[in-house]
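See below for the structure under consideration.
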Amino acid sequence: MRLAFLVLAVAVVLLGAGRASSTPDYYMVRIAWTGPQAVGELAARGFDIAGVDLEAKEFSVVTDMVGLKQLKNIRGIKTLSSKFVVETLDTSYKKPSDIETALKKIAFDYPNLAVTDVIGRSTDGRDIYAIKLTDRFFIPDHEKPTVLIDAMHHAREVMTPEVALDIADYLTSKFATDPKVQEWLRLNEIWIVPMLNPDGNNRVWTNSSMWRKNTRGGYGVDNNRNYPQFWGSCNGSSGNTGAEDYRGPNSASEPETKALMDLATRIKPVVNLTLHSASEMVLYPYGCPNQSLPAAQGATIKKIAAEMGRKLVRDSGNGTYAVGTPPDLLYPADGGSIDWMFAKLGALSFVIEMNSTNQGFQPSFSRWRDATVQKMRPGWQYLLDRIAGPSIRVETGLGMRTRLESPTGTVIQEREADEKGWTHFIVEPGDYRVVNPGASWGGTTVTVRAGTAVYRR
Ligand code: 0X9
Ligand code: ZN
């Protein structure tokens with residue numbers, strides 16, 4: 001009796017000890033990169049791909065002891081090293097409450113330029129904050145195209161809100177003295193959502209530094225696999241709740257995804273830039289290998305992505321970011337935000353995967369924070385410059401659809417007007433036909449030259 005009690009007591013102590021240090025055992029495994037196929041295959045098998053380093057020709061996987069053993073037995077996978085990840089947190093990075101504080105301070109300091117907004121509530125009921133930046137003096141707001149910049153779909157990508165906040169800081173603090181900044185805010189309405197996934201981020205600081213998804217049901221959904229476009233359609237996500245790329249029970253099931261969709265549907269951005277880490281890449285649609293962009297708009301998107309890539313210098317200082325689609329450079333990904341932003345709303349959409357995978361998910365704040373936000377500036381600034389380039393701006397009326405055609409009638413793009421009744425297209429230089437097929441006044445077709453002037457109906 002007494003012995004049994006003792007044994008039981010020991011067992012309880014052992015279990016307790018196991019649980020007390022219940023931080024999962026993570027290994028960061030470096031694998032030789034032979035092309036996107038092997039990466040896609042590991043992702044499809046449920047491995048958590050941390051990032052690809054095209055400079056060193058290797059990629060990284062986050063896994064546990066079991067996964068580590070499995071990896072060693074997969075044909076064609078050459079493991080270069082595996083490192084036990086000690087869970088260090090660099091707490092200088094922003095927490096959900098820091099985002100609210102930072103945005104409210106900007107709006108307080110620059111009331112003529114900035115206003116904060118709550119675009120929705122997260123799974124656990126946290127406010128999802130946005131800030132809108134524009135100079136309200138010169139051009140009335142309603143004539144301006146909107147730009148949408150979002151960050152932190154993925155909780156552990158802690159550098160991304162830093163860059164989003166730097167954009168807001170830069171555009172407000174330099175406005176008084178920098179003519180470039182004045183022009184960007186005179187011509188555009190810029191919406192920034194620095195932390196789309198506050199619940200996941202809270203979990204990073206309190207529980208699990210490698211957390212990626214939101215927190216639905218404790219297991220979480222990957223918000224960047226939850227958008228309706230190509231949802232669950234090309235083996236680029238998982239139906240298992242435990243997977244790091246779990247797509248959710250339905251498309252747009254997640255409040256975070258919905259919040260960004262609702263905002264974008266309302267403001268109809270001409271450009272959407274979504275910030276992720278890491279891999280030092282600029283990605284453009286689509287995330288599915290069997291899908292490709294329509295020719296004319298595709299050419300414009302690819303040119304802009306290539307130019308943005310050339311502006312972004314790698315952390316090593318050697319060379320610039322790689323440019324391509326997710327399946328070209330990383331792995332297939334379905335239900336991602338940029339695919340929906342382009343296919344549904346006609347926004348030219350881009351991912352920046354910032355930082356080298358060398359630094360892990362939490363690059364030392366003191367070493368990398370300022371360096372990274374500075375390295376990103378030429379990229380987003382180029383995007384803002386390009387919006388002022390060849391484009392067509394039409395006042396069409398609320399709810400109206402407008403079709404852009406070549407002079408010979410080839411359809412280039414069709415978009416719905418924004419909440420202010422305007423439709424903006426970013427195009428190559430040249431002549432275009434603007435068609436309002438369902439207009440109540442019987443429809444119009446007008447030929448305009450890109451970038452010359454604003455056309456009013
Ligand atoms: O897998 C992702 O969601 C992104 N990479 S990350 O390492 N930051 O997780 C790539 C997103 C690709 N975007 C789309 N397919 N839309
Ligand atoms: Zn990401």
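In the range 339-353, the condition of being within 16 Å of the chain's Cα centre (by Cα) and either β-branched (Val, Ile, Thr) or surrounded by fewer than 18 Cβ atoms within 10 Å (Cβ to Cβ) (or both) is met by at least one residue. If you go through the range 337-361 and pick out every residue that is out of contact with any helix residue (DSSP H, G or I) (no Cβ under 8 Å at 6 or more places or on another chain) and within 16 Å of ligand 2 (Cβ to nearest atom), you end up with 7. Scoring residue 416 on the criteria (1) at pLDDT below 90; (2) under 30 Å from residue 305 (Cβ atoms) leaves a single failure, condition (1). Each residue in the range 296-336 was checked for being in contact with a helix residue (DSSP H, G or I) (Cβ under 6 Å, 6 or more places away or on another chain) and small (Gly, Ala, Ser), and 4 pass. Every condition in (1) in a helix (DSSP H, G or I); (2) more than 16 Å from ligand 1 (Cβ to nearest atom) is met by residue 242 except one, and the failing one is (1).
Quick check on my filter: what residues within the range 401-430 are outside any strand (DSSP E or B), polar (S, T, N, Q) and in contact (Cβ under 8 Å) with a residue 12 or more places away in the chain?
Answer for the range 401-430, where residues must be outside any strand (DSSP E or B), polar (S, T, N, Q) and in contact (Cβ under 8 Å) with a residue 12 or more places away in the chain: 406, 410.
From 255, 269, 285, 228, which residue is of a type outside the set (Phe, Trp, Tyr), closer than 23 Å to residue 191 by Cα and touching an Asp or Glu at 6+ places or on another chain (Cβ under 8 Å)? It is 285.
Take residue 106 and tell me if it is in a loop (DSSP other than H, G, I, E, B) and over 20 Å from the mean Cα position of the chain (by Cα). When the stated conditions are applied, residue 106 does not pass them. Looking at 251, 233, 238, just one residue is under 22 Å from residue 148 (Cβ atoms), touching a residue at least 60 places away in the same chain (Cβ under 8 Å) and not β-branched (Val, Ile, Thr), and that residue is 251. Looking at (1) polar (S, T, N, Q); (2) free of Cβ contacts under 8 Å to residues at least 40 places away in the same chain; (3) within 16 Å of ligand 2 (Cβ to nearest atom), which is the only condition residue 224 fails? Only one criterion is unmet by residue 224, namely (2). Of the residues that make up the range 42-60, is at least one in a helix (DSSP H, G or I), modelled with pLDDT of 95 or more, within 16 Å of ligand 2 (Cβ to nearest atom) and touching a Phe, Trp or Tyr at 6+ places or on another chain (Cβ under 8 Å)? Yes, there is a match, as at least one residue in the range 42-60 is in a helix (DSSP H, G or I), modelled with pLDDT of 95 or more, within 16 Å of ligand 2 (Cβ to nearest atom) and touching a Phe, Trp or Tyr at 6+ places or on another chain (Cβ under 8 Å). If the condition is being surrounded by 11 or more Cβ atoms within 10 Å (Cβ to Cβ) and either assigned to a strand (DSSP E or B) or at pLDDT below 90 (or both), then the range 63-84 contributes 63, 79, 80, 81, 82, 83.
Confirm whether residue 99 is buried (at least 20 other Cβ atoms within 10 Å of the Cβ) and assigned to a strand (DSSP E or B). Working first, answer last.
On the way: buried (at least 20 other Cβ atoms within 10 Å of the Cβ): yes; assigned to a strand (DSSP E or B): no.
It is false that residue 99 is buried (at least 20 other Cβ atoms within 10 Å of the Cβ) and assigned to a strand (DSSP E or B).
Assess whether residue 149 counts as being within 16 Å of ligand 1 (Cβ to nearest atom) and not charged (D, E, K, R).
For residue 149, the condition - within 16 Å of ligand 1 (Cβ to nearest atom) and not charged (D, E, K, R) - is met.
The values are calculated or read from the model by the stated rules, or taken from the named source; none is laboratory data. Bear in mind that the values here come from a model prediction, so they are computed numbers and not experimental data. Positions of Cβ are backbone-derived with ideal geometry, glycine not excepted, and every protein chain shown enters the neighbour counts.
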